[in-house]
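Notes for the one structure printed next.
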């Protein structure tokens, strides 16, 4: 949430007061929806998210991106903090997600077919993370790119799970984002996702994992993350929308 300050001030409200939203309960997550301007674009900023591990099911997890699409948003820029499986990457330096592996065991498309005019349940994820947006972001702020492994949580992963993830090509691991990306693509949003590596993953880190460590790294890296976010959003605004 602290990194959002670089985008300026705007109209805001508490997320928990908006129908359909749950008040974020995860450590380090804010609870506001803020409307700001970036260049000629209006940007809806949600400073916190609902995680699958909070036990409310998938609908509240993806309510934010669905609401954004209903309000007229055409691009979703998702952010997260993540464990990193790459020892050559710098903790606290933002990276870009190029693809994901969904091991949450869930999908926001489970259930009845969505009503018209929405597309059916079978969402194509071939280009889930927009190549166009990644190229724009790369030009605005060069950064590493990698594959995000999404797990259910809230417990941290085991070293064996991390070894398996490495063998599948994962570079990052976390407990969010993948369901939101699926829902965003279903409603036609173009997606970019940025991740802040907050710790080495289990079995790679020489110390036990803790939420406190994640929060501390996030706070130390807030200024840098905000700088990257502002640069990327400004570049997307300057480039215009797809189509």
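When you go through 107, 98, 141 one by one, which is the residue that is over 30 Å from residue 20 (Cβ atoms) and more than 15 Å from the chain's Cα centre (by Cα)?
141
Which condition breaks for residue 49 when tested against (1) buried (at least 18 other Cβ atoms within 10 Å of the Cβ); (2) within 22 Å of residue 210 (Cβ to Cβ); (3) out of contact with any helix residue (DSSP H, G or I) (no Cβ under 6 Å at 6 or more places or on another chain); (4) modelled with pLDDT of 95 or more?
All conditions pass for residue 49, except number (4).
Restricting attention to the range 123-138, which residues are in a loop (DSSP other than H, G, I, E, B) and without any contact (Cβ under 8 Å) to a residue 24 or more places away in the chain?
126, 127
Let's see how each residue does on (1) at pLDDT 95 or above; (2) assigned to a loop (DSSP other than H, G, I, E, B); (3) within 26 Å of residue 222 (Cα to Cα); (4) out of contact with any helix residue (DSSP H, G or I) (no Cβ under 6 Å at 6 or more places or on another chain):
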site: 76; (1), (2), (3), (4): yes, no, yes, no
site: 99; (1), (2), (3), (4): yes, no, yes, yes
site: 105; (1), (2), (3), (4): yes, yes, no, yes
site: 121; (1), (2), (3), (4): no, yes, no, yes
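Picking from 119, 68, 128, which residue would you name as being under 13 Å from residue 182 (Cβ atoms) and either under 17 Å from the mean Cα position of the chain (by Cα) or surrounded by 20 or more Cβ atoms within 10 Å (Cβ to Cβ) (or both)?
Residue meeting the stated conditions: 128.
Which condition number does residue 163 fail, the rest of (1) without any contact (Cβ under 8 Å) to a residue 60 or more places away in the chain; (2) closer than 13 Å to residue 82 by Cβ being met?
Condition (2) is where residue 163 drops out.
In the range 1-28, which residue that is modelled with pLDDT under 75 and under 16 Å from the mean Cα position of the chain (by Cα) is nearest to residue 210 (Cα to Cα)?
27
Test residue 112 against the stated conditions and say whether it is over 16 Å from the mean Cα position of the chain (by Cα), without any contact (Cβ under 8 Å) to a residue 40 or more places away in the chain, under 24 Å from residue 222 (Cβ atoms) and not in a helix (DSSP H, G or I).
So residue 112 fails the test.
Condition first: within 30 Å of residue 19 (Cβ to Cβ), assigned to a strand (DSSP E or B) and within 14 Å of the chain's Cα centre (by Cα). Can you find one or more residues in the range 86-95 that meet it?
no
So in the range 29-46, with the set limited to residues that are assigned to a loop (DSSP other than H, G, I, E, B) and modelled with pLDDT of 90 or more, which one is surrounded by the fewest Cβ atoms within 10 Å (Cβ to Cβ)?
Once the filter is applied, the top-ranked residue is 40.
The values are calculated or read from the model by the stated rules, or taken from the named source; none is laboratory data. None of these values were measured; they are calculated from a predicted model. Don't worry about glycine lacking a Cβ; one is built from the backbone with ideal geometry, like all the others, and counts go over all protein chains shown.
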